[in-house]
Amino acid sequence: MPEQLEGSVAVARTVARCRPQVVCAYPITPQTHIVEGLSVLVREGSLAPCEFVNVESEFAALSVAIGASATGARTYTATASQGLLYMAEALYNASGLGLPIVMTVANRAIGAPINIWNDHSDSMSQRDCGWLQLFAEDNQQAVDLHVQAFRIAEELSVPVMVCMDGFVLTHAYEQVELPTQEQVDAFVPLYQPRQVLDPQAPITIGAMVGPEAFTEVRYLAHETQLRALEVIPRIGAEYAEVTGRPGGALVSAYNMTDADIVVVAMGSVLGTLKDTVDELAADGTQVGVVGITTYRPFPAAAVRAALADAARVVVLERAISPGVGGPLTADVRGALAGLSTEIVTVVAGLGGRAITRPSLRAMLLEAGRGALDLLTFLDLDLPQIQRAQLTGAGR
Amino acid sequence: MTTDVKFYQVGSFAVGNRLLSRDLRTVQSEETRANALTCGHRACRGCGEALGARYALDTAIEATKGKLVVVNATGCLEVFTTPYPESAWQVPWLHSLFGNAAAVATGVASALRAQGREDIRVVAQGGDGGTVDIGFACLSGMFERNDDVLYICYDNEGYMNTGVQRSAATPPAARTATTPAVGPEPGNRFGQGKDVPAIAMAHRIPYVATATVADLHDLEAKVRRAMELRGARYLHVLVPCPLGWATESDETIKIARLATQTGLFPVFAAENGDVVDVTPIRHHVPVDPYLEAQGRYAHLFAPSRRADVIARIQAEADRNIVRYDLLGRRGGT
Amino acid sequence: MDKPFAITLDVGSSLVNKTGSWRTERPVYLDLMPPCNDACPAGENIQQWLYQAEDGGYEQAWRQIMLDNPLPAVMGRICYHPCQTACNRGQLDEAVGIHSVERFLGDEAIKRGWTVTVDIPASGQHVLVVGSGPCGLAAAYHLRRLGHEVTVVDAQEQLGGMMRYGIPRYRLPREVLDAEIARIVGMGVHVRTDTRVDDLATTMSEGGFDAAFLAVGAQVGRHTEIPAGDSARIIDALTLLQQASGDGEGPQLGQRVVVYGGGNTAMDAARTARRLGATEAIVVYRRTRDRMPAQPEEVDEALAEGVRMRWLSTIAAAEGQRLTIERMELDGNGFPQPTGEFEELDADTVVLALGQEVALDLLDGLPDVDVSHGVVAVDDNRMTGHAGVFAGGDMTVGDRTATTAIGHGKSAARRIDAWLRGSGSPGGARPALAAYERLNGWYYSDAPATVQHELTTARRVSTFDEVTAGLDEETALFEARRCLSCGNCFGCDNCYGVCPDNAVLKLGPTEYAVDLVHCKGCGLCAEECPCGAIEMVPETT
Amino acid sequence: MPLALFAEGEADDGRSLMYEVRLHGRGGQGAVTAAELLSVAAFDGGGWAQAFPSFGSERTGAPVAAFCRMDDRPIRLREPVLNPNALLILDATLLHLDGVFAGLRPDGIVLINSARQPDELGLGDLTGRHPDVTVTTLDASAIARRHLGRPLPNGVMLGGFAALSDTVSIEGVLQALRERFRGSTGESNACAAQEAYDTVRLTREATVDA
């Protein structure tokens, strides 16, 4: 039964229904409402048994989660931006040990300069830390991806990040249908840890591995990621059966039939893109939209299949690799290796700058005329840039 | 710390006093005060932290004749003072990260020493979250090395910038967004939290002191004393937060005063690990008026009065009174 | 060198951010009515002269008093200081000793010979003042300062009225009274003593007076029918006090003296009797202590000097040295009713102190001046029914105290001045009262009230030396500095210091302004202002 | 890798009836809560709605804006509200803040919490530029003070708005208030909103007749 809820509250209630046994909480805008919601559910006894741990930093948050998960407890935490980077060492540790921790990342820009608004530079910076990264387009998908994340993580014994755009989704009040406790219980079985600290069966976890076996450890981790490309859609389909809602796909597509340009993007901007594309279609310009739901592992085959007929592809980036360009573009370019598709990059909405229909329309029309450079910054304040360059302030 | 003042109406209780000689008044009373934190910042109405920061830094600037560099951890103080393109700071100021202000300050001090400019002193500052929680390792490191840094913690007892979540400085029973007032033990749990001034003293650094925005003379005297010393110094300043404590915007100083007069926030100074000065309670009051004035304790009074919880808080206050002899029964230091 | 774009900012670049838009209310500095000023019958600006005395500006403080009250040294002794009753500090610890500081300043003025000048050019108009008590002298003083020629007429041979002939020297030394009267006369006031005005109308026309101010006071002792044999020695209290007011011996009253009455005059009569050798001075009063018209401290001082009281008693008869006293009891609404029980009491002399009445014969020539309940009726400009004839003091409605009389004298002088010059009546709206709840008592240093020393009982009873000593300078300064300066800024810098937005500007040592561009209206300045001189006023929506 | 790994969707051609509201208040006055409750009321009424605050770190007292978007179909749009159909101004001291009326549609409606009449608020240049913008005032603070004991205008303003626009019903608003604020607070908020609704309807009918 649909409800009108804030994104964070919807996620908190859904995560609670996945019965995590340890929740680690450290405040960082814009995810804090999620852990706040969970603190109330634990305190009033509706989520039990569950240890809600107020920790002293994000590094501690993931560290506590690692300890809990290694002891066989289903574990959840949430973070964003600077916090994600403050736990970077622990991210690699968790994936290296194969601990199936589920973490929400409320995407927010990375400083300096400090910025609390939405873009993807935080999760992008950790795209190779060995965690799966799922991107939600809206709060309904965010809720559904969290349930599937526990199944995926525990089946593959690999940690999973569910990324949702900070403020734009976390603080948006909209219609959401939460999976019932029965549906979740049916869908997410009891957690069977691959390895666990248990005096009954003592084992040493996290040995020092030298040159003789380190490569093999990394190969096996790589294989697990590739297996995820098959596990995620399967679990997504199963979820669709249980709930009647579309499960997590690797990618999504919109208005692809006879689209001569296709724009590829991730996260909430896909909603604005679809409205823009509808307007362009009404004016006779067909633009397709491909949304990447699973960014890590990167579904190259699915992307290649989706973009097979596209003559021209615009990759809408929400992060920037300084001096290089767009990280998502690099992945898309890899997926289309060998094809003659013309690929351009448009960086948009960094640090919370609004991405509006008029700007997208103009850009897509320009792309249609083949007039876009290889790399464009949407709505760049050129006069500001020129003033900065003049005074040598551009560093 | 008050000198023998011939009776002058408000003596040294008010900020200034036209009857007192200049040197017995505060830095804040001077027309020429530095205003390290000036107008236009975006703190909430009645912000205690904005007040505490100006109080401390103006004195530090006067004590060092303007040769001061400030390193600031992430938090309310950093956010509401530097929204591009407007900065409210009038001192050399560097935003570190949330948990490393002390270490960054050590870096500044080391560079100054390497450049032979040790006349320029360094202040690191942050809120309680940035000091007692996420920045604690760096703080302890700075103490242990005895780096020439004055670390000032503006304690508003919670993560207020992110919307009032619990920190290790949040007092027992206080409601925050991550210690909601629901369930059998509403609000923050008893038996947790850190006594950071005591931990700082355990490092036996040259100077540790506590102060509040309700006693400006005492706060300035402690900053001045800290600036006379070299090495690691720590000042822990209570700065009530109208948003987080759910108090009226005009009660910030009154609430800080009540915190001292109940004994819940002992005001003292220590040198090399030993207490050398205690500010005695002037009008001792029970904890009730202090708690009742704050919405974060509303659940202790409605729907019914939680005498049991209030008694436990009173016990904390009484313990401090005995431990620091706040009522001067032991003849005082 | 130029700063990197956006990540590095100039100092103080936040000033452009007009946080003033956040306000829903703004701080406004006020000058409220301190309770002491409000309570002072002579309308003194007490808070202001205490403020000046606090930093040693004694002459400046004295001149501030002199703007309203020309007899500070006298008032510092005989005023019943309602200001101290109203003083907010009474609720903090103890009221400020305003009375003792006023006396110190008055005495300092006499000691240093400070004088007052007339700065307004002569108006060419001449005012007759009938009566030289506190009311007449105050009127004369203010009229002189307002530039008018003044002639004071008094039936007695010396000026001062009740101050000289009604109040004993041990409460008001004559040298103090004479000094302050001399200062007034020294301002060019013409004086005619030993002159009784029987017919005001002719006196005014013959003297060419443009206006007259009647302040003859209530000099006539009220009598009562005590069936008394011829040998009984009954004397009126005012007569006793008048005879004892000189330096000479004063009347012989014998060993046992009974004073009949419960007012201040009765207390003074009893205490004077003790000083004239009476071993027993007994006050007979028909009601109980709490209903006595006398000021409590007057009763205390009398008791301290061995005067004894008989409550609920009336004198039914006096035969030789034997008085018949009837016991009374109070009825439902506090009126004494006879009980029919009688006792005997021996007395060498009976002194009647049953209140005084006004001698109104001088008004015979002025039919349009109406009188009710034994006092002259005046309008709110203090004018009687007859144009140009004003009245004040005990002979009009009001508390019968010297301070109230001075207040009447001052307001009458201003209204006479307005009447003579045809300008509108003076006096603006009274500011709101600075109530105790507005104050922030924390900031005032803990300071118990100082004490004025008193002569030892033995010495008090045997001489007419002044009983209560004045304060020395250091104590007077300490006492003045206990003032809370209610509702009026005294430059403590609190507002300037506690503003989190640095939005209070310090223009000078005791002068501040609010920077409304940045003030967010948090109210901390108002809350932390020790004397409640700042109020938060809602923004207009 | 089978192609069916992604879900296919089609373009949507019909025009939507999107109605956008911008609320202005001060930090701590409940503007964000009001936007959320407006979206709940629209949802209860059977429509789709989306509400979000002006993402930022506004402090108590600082001017803050919140947005609510309502439509007759699912809302996918993620851009700020640039051209609101309606403005709810919870604090009249914000009126002379620049940008309060920015982007208001020519036929927009404005509801201001003020005890004074619209023409006494010095809005000449606004109504001058946009003749058919309707401005209504409602002393929401006074109504709130009477019912809640505190001048918390947010619930009251929603009651007033329900009388000015048919995008949301008074029943929806009352239900949303009762759900959000349990017990007596909810009840008194609902009564206050109902009074506001009746008051604005009266003023609206009066202006319509005039």
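Read the figures in this text as sums done on the coordinates, not as results from a lab. Everything numeric in this text was worked out from a predicted model, so none of it was measured. Neighbour counts run over all protein chains shown; Cβ positions are idealised from the backbone, glycine included.
Take each peptide in A:153-162, D:155-164, count the other Cβ atoms within 10 Å of every residue, and average; sorted highest first, the result is D:155-164, A:153-162.
Per-residue Cβ counts within 10 Å, from other chains only, averaged over A:349-361: what number is that?
Neighbouring Cβ atoms belonging to other protein chains average 2 per residue here.
Measuring between alpha carbons in the structure, the pairs from B:Lys67/B:Lys254; B:Lys65/C:Lys520; B:Lys222/C:Lys506; B:Lys65/C:Lys3 lying more than 29 angstrom apart are B:Lys67/B:Lys254; B:Lys65/C:Lys520. Taken over the protein assembly as shown, the ratio of Cα radius of gyration to 2.2 N^0.38 Å equals 1.21. Over region C:394-537, one equal point on each Cα, no solvent: what is log10 I(q)/I(0) by the Debye formula at q = 0.12 Å⁻¹? Debye intensities relative to I(0), on a log10 scale: -0.86. For chain B, the share of DSSP beta bridges that are antiparallel, to the nearest 5, is 30%. B:Asp119 sits among other residues whose Cβ lies under 13 Å from its own Cβ, and their net charge, with Lys and Arg +1 and Asp and Glu -1, is +4. Taking Cα centre as origin and charging only the Cβ of basic (Lys, Arg, +1) and acidic (Asp, Glu, -1) residues, the dipole magnitude of the protein assembly as shown rounds to 2560 debye.
The value of relative contact order for chain B, using C-alpha pairs under 8 Å at least six residues apart, is 16 percent. Couplings for region A:214-227, taken from phi via the Karplus curve 6.51 cos²θ - 1.76 cosθ + 1.60 with θ = phi - 60°, read 4, 4, 5, 4, 5, 4, 5, 5, 4, 4, 4, 4, 5, 4 Hz in order; Gly and Pro are left as x. Only sites in a loop by DSSP and with at most 10 other Cβ atoms within 10 Å count here; which chymotrypsin sites (Phe, Trp or Tyr not before Pro) in region B:122-158 make the cut? When the chymotrypsin sites (Phe, Trp or Tyr not before Pro) of region B:122-158 are filtered for loop state and at most 10 Cβ neighbours within 10 Å, nothing remains. Counted by Cβ distance under 13 Å from C:Gly385, the other residues give a net charge of -2, where Lys and Arg count +1 and Asp and Glu count -1. When both region C:180-242 and region A:134-153 are represented by their alpha-carbon centers, they are found 105 Å apart.
Listed by chain and number, the aspartates and glutamates placed with their C-alpha closer than 14 angstrom to that of C:Lys18 are B:Glu86, C:Asp501, C:Asp515, D:Asp98; residues fewer than eight positions away on the same chain are left out. How are the Cα pair distances of chain B distributed, in percent, across 10 Å bins from 0? Answer for chain B: a P(r) of 6, 26, 36, 24, 7, 1, 0 percent. Each Lys or Arg adds one and each Asp or Glu takes one away; over the other residues whose Cβ falls under 10 Å from the Cβ of C:Ile325, this sums to -2.
Annotation: amide H-H contacts under 5 Å for B:Asn72 (H modelled 1.01 Å from N, sequence separation of 5 or more, or interchain): B:Leu94, B:His95, B:Ser96, B:Gln125.
Amide H contacts under 5 Å for A:Gly326: A:Ser321, restricted to partners 5 or more places along the chain or on a different chain, H placed in the peptide plane at 1.01 Å from N.
Ranked for footprinting exposure by Cβ neighbours inside 10 Å, fewest first, B:Asp119, B:Asp58 give B:Asp119, B:Asp58. Remark: mean inter-chain Cβ contacts per residue of B:151-160 equal 1, using a 10 Å Cβ-Cβ cutoff to other protein chain atoms. Counts of other chain beta carbons within 10 angstrom of each beta carbon in peptide D:109-117 average 1.
When you restrict to C-alpha pairs under 8 Å that are six or more residues apart and normalise by the size of chain A, the relative contact order lands at 15 percent. Measuring from centroid to centroid over Cα atoms, what is the spacing of region B:262-333 and region A:185-257 in Å? Taking the Cα centre of region A:185-257 as reference, the centre of region B:262-333 is 53 Å away. Determine which lysines satisfy two conditions relative to C:Lys111: a Cα distance under 30 Å, and not lying fewer than 8 residues away in the same chain. Filter leaves B:Lys6, C:Lys410. Restricting to DSSP loop positions (anything but H, G, I, E, B) with no more than 15 other Cβ atoms inside 10 Å of their own Cβ, which GluC sites (Glu not before Pro) remain in region A:36-141? Answer in residue order: A:Glu44. Using the Karplus relation 6.51 cos²θ - 1.76 cosθ + 1.60 with θ = phi - 60°, the per-residue 3J(HN,Hα) values for region B:248-256 come to 5, 5, 9, 9, 3, 6, 4, 5, 4 Hz, with x marking Gly and Pro. Amide H contacts for D:Asp139 (H built 1.01 Å from N in the peptide plane; partners 5 or more residues away or on another chain; cut-off under 5 Å): D:Ser114.
The smallest convex shape that holds all Cα atoms of chain D, its convex hull, gives 158 Å³ per residue. Region C:268-333 and region B:23-102 have Cα centres spaced 72 Å apart. One equal scatterer on each Cα of region A:251-387, no solvent, Debye formula: the resulting log10 I(q)/I(0) at q = 0.09, 0.10, 0.14, 0.16 Å⁻¹ is -0.24, -0.29, -0.58, -0.77.
Determine, for C:Leu360, B:Leu300, the number of other Cβ atoms within 10 Å of each Cβ, and report the residues in order from fewest to most.
C:Leu360, B:Leu300
Applying the Karplus relation 6.51 cos²θ - 1.76 cosθ + 1.60 with θ = phi - 60° to region C:440-445 yields 3J(HN,Hα) values of 10, x, 4, 6, 8, 5 Hz, where x marks Gly and Pro. Residues B:His236, B:His95, C:His190 in ascending order of nearby Cβ atoms (within 10 Å, fewest first): C:His190, B:His95, B:His236.
Quick one: Debye curve from the alpha-carbon atoms of chain A only, equal weights, vacuum; give me log10 I(q)/I(0) at q = 0.07 Å⁻¹ to two decimals. Ignoring solvent entirely, the Cα scatterers give -0.32.
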